[in-house]
Amino acid sequence: MVPVLKLVVFDAYGTLFDVASPARRVAAEPQFAAFTPHFGAVARDWRQKQLEYSWIRAVTDAHADFWTVTGEALDWALDAAGLGAEAGLRDRLRALYREPDAFRDAAPALARLRAARLGTAILSNGEPAMLDAAVEAAGIGGSLDAILSVEAAGVFKPARAVYDLVGREFGTAKDEVLFVSANGWDAAAASGYGFATAWVNRTGAPRDRLPWMPDHELADLSGVPELAEAGQ
């Protein structure tokens, strides 16, 4: 029997929410003029260290919540740019990370999935308060059936225990789920777990060399509803 898709699960940061937006917004604020020339590098380093620290904590069983990891990564990125002592900069960046800009294609994609009577959820490294604040700021809470945080598993992605949270919450079989992520490693790992997967490759990056491959590759979220509807 061909599986019938019932649920579309999204990664949050980098997929629904633009993780570079806090740095970009601060760069436009006059009081942080010293930051402006460095915002691109800080945004890049901040994200890279955030992911690296989450992976290291996962494999060494040294879990801390994602807000803590995000702060540690920011400290590294600011020091690397020589801005660690810039008054008020760290606090301002952290405050804006609570309410990152949603990508323009996020709300329309979620709305169309809801109209197609498909379940929708977030599965994220973010801790619950971070995710709630981001979802509320984006105004997409009404298009989500659940917001799942790795804190319920006590380990970061791509641990299988994180992907287990979906079936625990919804009672779905793995092949009834489409998992969508803009992080290639996340989409690949979810494919290895058994989900149908779509990698949202916004930057045209090459595929990661991992034991698994995403089932689909999309340029943005606009193609997700059509893909999901085809699986119903």
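The values are calculated or read from the model by the stated rules, or taken from the named source; none is laboratory data. Given the structure is predicted, the values throughout are model-derived calculations rather than measurements. A quick note on method: Cβ atoms are made from the backbone with ideal geometry, for glycine too, and the neighbour counts reach across all protein chains shown. For the accessible areas, the whole protein counts, side chains as well, though only heavy atoms, and no ligand, DNA or RNA atoms are used. Shrake-Rupley method; radii C 1.70, N 1.55, O 1.52, S 1.80 Å.
Could you compute how fast the chain diffuses translationally, taking Rh as the Kirkwood radius over C-alpha pairs and applying Stokes-Einstein at 4 °C with viscosity 1.567 mPa s? Give it in µm² per second.
For these conditions, the coefficient is 72 µm²/s.
Using modelled backbone amide H atoms (1.01 Å from N, in-plane), which distant-in-sequence or interchain residues come within less than 5 Å of residue 179's amide H?
Result for residue 179 returns 9, 196, 197, 198.
So what is the 222 nm mean residue ellipticity for the chain from helices alone, if each DSSP H run of at least 4 adds -39500 (n - 2.57) and you divide by all residues, rounding to the nearest 500 deg cm²/dmol?
Values: 9 runs with 101 residues, N = 232.
Helices in the chain give a 222 nm mean residue ellipticity of -13500 deg cm²/dmol.
Sorted by packing (mean other beta-carbon atoms within 10 Å per residue), highest first, where do 185-197, 205-217, 47-59 land?
So the peptides 185-197, 205-217, 47-59, ranked by packing, come out 185-197, 47-59, 205-217.
In nm, to one decimal, how far is the modelled label at residue 205 from the one at residue 129, with both set 7 Å along Cα→Cβ?
2.9
May I ask you to give the percent of accessible area on segment 20-64 that is carbon plus sulfur, with a probe radius of 1.4 Å?
The computed percentage sits at 61.
What shape does segment 181-232 have by the C-alpha gyration tensor, where a ≥ b ≥ c are the square roots of the eigenvalues, rounded means a/c under 1.5, and otherwise prolate means a/b greater than b/c and oblate the rest?
Oblate, since a/c reaches 1.5 and b/c is not below a/b.
Order the peptides 123-131, 91-99 from the highest to the lowest mean number of other Cβ atoms within 10 Å of their residues. Please list the in-between numbers first.
Working: 123-131: 22.4, 91-99: 17.0.
Sorting 123-131, 91-99 by mean packing, highest first, produces 123-131, 91-99.
Probe of 1.4 angstrom, ligands and nucleic acids ignored: what's the accessible area per residue over segment 105-232, in square angstrom?
I get 42 Å² per residue for this part.
Could you check how much of the accessible area of segment 90-133 is carbon and sulfur, as a whole percent, using a 1.4 Å probe? Present the calculation step by step, with values, prior to reporting the outcome.
Details: 920 of 1940 Å².
Using a 1.4 Å probe with all protein chains present, segment 90-133 comes out at 47 percent carbon and sulfur.
How much length would be gained if the chain were fully extended between residue 185 and residue 56, taking 0.36 nm per residue of separation minus their Cα-Cα distance, in nm to one decimal?
45.0 nm
For segment 56-65, just list the computed ³J(HN,Hα) in residue order, Karplus coefficients 6.51, -1.76 and 1.60, θ = phi - 60°, integers in Hz, with x standing in for Gly and Pro.
Rounded to whole hertz, the list is 4, 5, 5, 7, 9, 6, 10, 5, 9, 5.
Treating only the Cβ of Lys, Arg, Asp and Glu as charged (+1, +1, -1, -1), what charge dipole size does segment 26-66 show about its Cα centre? Round to the nearest 20 debye.
So the magnitude is around 120 debye.
What shape does segment 45-128 take by its C-alpha gyration tensor, where a ≥ b ≥ c are the square roots of the eigenvalues and a/c under 1.5 counts as rounded, a/b above b/c as prolate, and the rest as oblate?
oblate
Keeping every protein chain present and rolling a 1.4 Å probe, give me the accessible area per residue for segment 1-79 in Å².
Heavy-atom SASA per residue in segment 1-79 reads 45 Å².
Tell me, what HN-Hα J-couplings in whole Hz come from the Karplus equation 6.51 cos²θ - 1.76 cosθ + 1.60 at θ = phi - 60° for each residue of segment 127-137, using x for Gly and Pro?
Karplus-based 3J(HN,Hα) across segment 127-137 equals 7, x, 5, 4, 5, 4, 5, 5, 5, 5, 4 Hz.
Based on the Cβ-Cβ distance of residue 33 and residue 222, what FRET efficiency does E = 1/(1 + (r/R0)^6) give at R0 = 35 Å, to the nearest 0.05?
Numbers: r = 36 Å, r/R0 = 1.04.
The computed FRET efficiency comes out at 0.45.
Would you mind giving the three semi-axes, in whole Å and largest first, of the ellipsoid equivalent to segment 1-73 according to its Cα gyration tensor?
After diagonalising the Cα gyration tensor, the semi-axes are 31, 19, 9 Å.
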